[in-house]
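First comes the structure, then the notes that go with it.
The values are calculated or read from the model by the stated rules, or taken from the named source; none is laboratory data. Note that this is a predicted model, so its numbers are computed, not measured. Here the Cβ positions follow ideal geometry from the backbone for every residue, glycine too, while neighbour counts run over all protein chains shown.
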């Protein structure tokens, strides 16, 4: 056969070994001809673009590129084929998949196989080998950043975080244990991991990690009998729990990885846990800042009560529900407060305003909402009123509380309050109209001599 023939056979054999190796890689590897048709696709590539084994061959690569990436890909491939090995190719991210099944960001690089590299003296055209690595981390980070920018609730963002481990180790289980915006314990992640209990589960490794602030590892022998039985039922054998500070509640969230029988050893989870930990810390810090901004925009810094904006949102929310029984609004104005400021200064006045807010709150029912509207004006939203007399009872209680002397630094100060009351029947709540009516009722009460209340009904 001669030396040239022997070299060609050797090249063919090397190519077979290369394809054999490509078949075992968990990376995207395809070979295309100059027309873009697939002449080889490894199993991972076929799975990524949602094809059955062998189904890719003969299909055109353009079918699996996101439309916006197609023109860029065609230009690069044309340069590579025309100039063969002369053009250096650097990695770039393309989106691969199918329109009806979703797209995956894949970092792609490619190389031209010269015409004679495999086929000896055959002058046929060269082939292009495309190598790609799916970055589940990048995919998830992009999605998470998009959700944060859009102001998506933190619970929806945290649901994605276990995916940093799950895409890399699909046979194992991941979960994030944390507290929701209302402080209630929650979990996001695999069903098996979440089913074993939340942060308040006694003696659970994740509860210990949250309490101690240190990483906790536990095998089945370290678990309580009940927890061990539940873990065994799901095929879980080893747990790794990492705490993350949650600044909103001054507590800790916990990331948990569970190993399964015949799955990966726990040490290989460290990279995924590091990525999840950094991302969760970012999301929890973002939540705290957003919550702080939200609270600052809707709460009065002096009294800690809801401010005018927050009160308006609550009032409109009650109106949108259309299912409330009778609803009332009390408009409260302090009598004689200007004299306190004039005689003792605004610092004393501010301290009394804070005490006023506390006294009003103490006289209300569960579910009532008190707000400082500005200056010495307060408002109370009273949902679920049985009748108008119930609103009058609350108003009289508020007035009595504010008539009692205030003692500040051993100085006794006496003020009073006038209250305008507006109520409306079920299904007729108009926030503008109700607040206006309460304001007019207050004007009437003060006109009658202060220290009084006046009631109007709206929509009857």
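Please verify whether the stretch 202-212 includes one or more residues that are touching a helix residue (DSSP H, G or I) at 6+ places or on another chain (Cβ under 7 Å) and modelled with pLDDT of 90 or more.
There is at least one residue in the stretch 202-212 that is touching a helix residue (DSSP H, G or I) at 6+ places or on another chain (Cβ under 7 Å) and modelled with pLDDT of 90 or more.
Mind checking which residues of the stretch 264-302 are free of Cβ contacts under 8 Å to residues at least 60 places away in the same chain and not in a helix (DSSP H, G or I)?
265, 299, 301
Mind telling me which of the residues 95, 72 ends up being farther than 23 Å from residue 255 by Cα, in a strand (DSSP E or B), modelled with pLDDT of 85 or more and not assigned by TED's automatic domain parsing to the domain that holds residue 236?
95
Check whether at least one residue in the stretch 218-236 is buried (at least 19 other Cβ atoms within 10 Å of the Cβ), free of Cβ contacts under 8 Å to residues at least 24 places away in the same chain and not in a loop (DSSP other than H, G, I, E, B), and report yes or no.
There is at least one residue in the stretch 218-236 that is buried (at least 19 other Cβ atoms within 10 Å of the Cβ), free of Cβ contacts under 8 Å to residues at least 24 places away in the same chain and not in a loop (DSSP other than H, G, I, E, B).
Residues that are assigned to a loop (DSSP other than H, G, I, E, B), touching a strand residue (DSSP E or B) at 6+ places or on another chain (Cβ under 6 Å) and at positive phi: does the stretch 436-454 have at least one?
The answer is yes, given that some residue of the stretch 436-454 is assigned to a loop (DSSP other than H, G, I, E, B), touching a strand residue (DSSP E or B) at 6+ places or on another chain (Cβ under 6 Å) and at positive phi.
Of 380, 356, which residue is modelled with pLDDT of 90 or more, assigned to a strand (DSSP E or B) and surrounded by 21 or more Cβ atoms within 10 Å (Cβ to Cβ)?
That would be 380, the only listed residue that is modelled with pLDDT of 90 or more, assigned to a strand (DSSP E or B) and surrounded by 21 or more Cβ atoms within 10 Å (Cβ to Cβ).
Say we look at the stretch 161-185 and pick out the residues that are surrounded by fewer than 19 Cβ atoms within 10 Å (Cβ to Cβ) and either within 14 Å of the chain's Cα centre (by Cα) or free of Cβ contacts under 8 Å to residues at least 24 places away in the same chain (or both); which of these is farthest from residue 251 (Cα to Cα)?
170
Does residue 409 meet the test of being surrounded by 17 or more Cβ atoms within 10 Å (Cβ to Cβ), modelled with pLDDT under 95 and over 37 Å from the mean Cα position of the chain (by Cα)?
No.
Go through the stretch 393-422 and report how many residues are touching a strand residue (DSSP E or B) at 6+ places or on another chain (Cβ under 8 Å) and closer than 21 Å to residue 346 by Cα.
The qualifying residues number 11.
Matching residues to (1) in a loop (DSSP other than H, G, I, E, B); (2) modelled with pLDDT of 85 or more:
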| site | (1), (2) |
| --- | --- |
| 106 | no, yes |
| 118 | no, no |
| 143 | no, yes |
| 168 | yes, no |
| 183 | yes, yes |
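Could you tell me which numbered condition residue 427 fails, if it satisfies all but one of (1) assigned to a helix (DSSP H, G or I); (2) over 24 Å from residue 354 (Cβ atoms); (3) in contact (Cβ under 8 Å) with a residue 24 or more places away in the chain?
For residue 427, the failing item is (1).
Test residue 203 against the stated conditions and say whether it is within 30 Å of residue 295 (Cα to Cα) and surrounded by fewer than 23 Cβ atoms within 10 Å (Cβ to Cβ).
no
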